[in-house]
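Only one structure is covered here, and it is reproduced in the block below.
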Amino acid sequence: MSVELPGPVPPPTGSGESSSAPSRRTFIATSTAVGGAAVAGGVIGGTLLTAPEEATAAEALPSSRVSLTVNGTRRTVTVDNRTSLLDLLREHFELTGSKKGCNAGACGACTVLVDGRRVNSCLTLAVRLEDAEVTTIEGLADGDELHPLQQAFIDEDAFQCGYCTPGQILSGVGCIQEGHTDSPEEIREWMSGNVCRCGCYVKIVRAVEQTAARK
Ligand code: FES
Ligand code: FES
């Protein structure tokens, strides 16, 4: 890319500068012109880019194809490599039961099961889940029959706003499968990654405890 620079600026009369040497005014005019061109065109790695080159770079975001099973249905999709499992579920598969609370691994609202283990889907890259089996809250019931823990949440009135509830239930299912349910204290410890702003913890623990006892 060529940048057109302004022509030499003659020194003011009586300045004492020679016409062949670059004057201070010439230097400032040249620097300003080059700087302006760099800002307008964009600089990446020291190379000036025109607008079309920028567009090409943006379109070339790395993406991958991934095949996985979600709630018993095989799905294949090509996604940006940076896509989280949570965004894959919510934005690509329209499974919005998994909630985005913090998007940083701190609240547990996005908890799902991957190959039977509970994970924060906001911290899990979708492209790493080739052939994985994912279970979300939408896939927990057996037809019209709720999962026992879903039913226990209703029976125990273990939620208020419900925002954390899908993650709490998936985490509770994992907790029961792992066998961390010998006491309310143990359940609290192993469910501590799931935050409930409504403060329903006593009833959540009771729902998990009762479901584990019925197994
Ligand atoms: Fe994933 Fe909060 S949204 S842990
Ligand atoms: Fe409202 Fe848990 S029920 S955040």
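The values are calculated or read from the model by the stated rules, or taken from the named source; none is laboratory data. The shown structure was predicted, so the numbers you read here are calculated from the model rather than taken from an experiment. Every residue, glycine among them, receives a Cβ derived from its backbone with ideal geometry; neighbour counts consider all protein chains shown. We work out accessible area using only protein heavy atoms, side chains counted, and drop any ligands, DNA or RNA first. Shrake-Rupley method; radii C 1.70, N 1.55, O 1.52, S 1.80 Å.
Overview of results
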{"item": "Dipole axis of region 55-140 (+1 Lys, Arg; -1 Asp, Glu on Cβ), positive-most option in 132, 93, 108", "result": "108"}
{"item": "Separation of the residue 92 and residue 74 label points, Cα + 7 Å toward Cβ, nm", "result": "1.7"}
{"item": "Region 90-131 - percent relative contact order, Cα under 8 Å, separation 6 or more", "result": "27"}
{"item": "Length released on extending from residue 141 to residue 115, taking residue separation times 0.36 nm less the Cα-Cα span", "result": "7.6 nm"}
{"item": "Average Cα contact separation per residue, region 152-215, under 8 Å, 6 or more apart, as relative contact order %", "result": "50"}
{"item": "Region 88-134 - convex hull of the alpha-carbon atoms, volume per residue in Å³", "result": "71"}
{"item": "Computed FRET value (nearest 0.05) for residue 100 with residue 131, which takes r as the C-beta separation and R₀ as 25 Å", "result": "0.50"}
{"item": "Solvent-accessible area of residue 130 with every protein chain in place, 1.4 Å probe, in Å² to the nearest 10", "result": "90"}
{"item": "Gain upon complete extension [residue 198, residue 65; 0.36 nm per residue less C-alpha separation]", "result": "44.0 nm"}
{"item": "Protein-only accessible surface order, largest first, of 159, 153 at 1.4 Å", "result": "159, 153"}
